[in-house]
1. Any residue at all in region 55-66 that is touching a Leu at 6+ places or on another chain (Cβ under 9 Å), outside any helix (DSSP H, G or I), open to solvent by 20 Å² or more (accessible area, probe 1.4 Å) and modelled with pLDDT under 90?
2. Based on what the data block shows, is Arg26 free of Cβ contacts under 8 Å to residues at least 40 places away in the same chain, open to solvent by 80 Å² or more (accessible area, probe 1.4 Å) and more than 23 Å from Gly183 (Cβ to Cβ)?
3. Among the residues of region 88-104, how many are touching a Gly at 6+ places or on another chain (Cβ under 6 Å) and either surrounded by fewer than 16 Cβ atoms within 10 Å (Cβ to Cβ) or modelled with pLDDT under 90 (or both)?
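The values are calculated or read from the model by the stated rules, or taken from the named source; none is laboratory data. Remember, it's a predicted structure, so these values are computed and weren't measured experimentally. Neighbour counts are summed over all protein chains in view; Cβ atoms, including those assigned to glycine, are modelled from backbone coordinates with ideal geometry. When the accessible area is computed, the model is the full protein with side chains, heavy atoms only, and any ligands, DNA or RNA have been set aside. Shrake-Rupley method; radii C 1.70, N 1.55, O 1.52, S 1.80 Å.
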Amino acid sequence: MPGRPADEAMLAAALDYAVAAAAGLRLADLGRPSACTGWTVAEALAHLTRSLRSVTAALAAGAVPPAASPRSRPATARTVRRDLGRAAAALGAAAGDLRGRRAVDVGGLPLPCHQLIVVGALEAAVHGWDANPAAPIPGELATRLLAELPSVLDGGIRRGLFAEPVAVPPGRPPGVRLLAALGRDDRRCP
């Protein structure tokens with residue numbers, strides 16, 4: 001059974017954005033601080049790649065897998081982009097073929113596939129921006145993610161995963177509002 005076309009389109013836009021944001025990075029960029037406090041660009045992209053693989057595995061198997069240990073190997077801009085591209089393609093395929101599954105098991109509780117796809121799209125968009133803040137999140141994608149944010153983020157989930165929201169002046173673009181909702185200030189990025 002295919003997934004919901006609107007979810008697939010949102011996810012595809014977020015994955016395309018993340019891959020494009022990473023496309024312009026060079027080896028020298030990987031060691032610089034990312035917009036995600038405490039992480040380098042390489043660490044932000046490695047986290048994103050692991051997250052996309054985890055969401056893919058959950059959608060394919062029907063349960064969230066145990067956290068994988070990060071592989072420590074020398075990173076080059078080419079290998080980081082390749083790994084991210086492969087993870088993005090696998091997630092897009094998994095979201096398009098849910099095999100009738102409507103939810104995945106997360107610690108014994110069902111999580112709707114829709115919400116997991118939103119999480120994957122959020123991860124892609126926000127960490128893509130973390131790695132390359134010069135590439136703004138597209139407005140239409142950010143608007144959709146802002147609308148979906150309450151379905152996946154509440155006070156209990158926020159703690160430990162996202163910083164508190166940042167106040168932004170009225171009239172700011174949707175991408176800036178999305179970043180602010182997740183604790184990022186576009187005016188204070190490296």
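1. Scanning region 55-66, I find at least one residue that is touching a Leu at 6+ places or on another chain (Cβ under 9 Å), outside any helix (DSSP H, G or I), open to solvent by 20 Å² or more (accessible area, probe 1.4 Å) and modelled with pLDDT under 90, so the answer is yes.
2. Judged against the criteria, Arg26 is not a match.
3. Selection size over region 88-104: 3.
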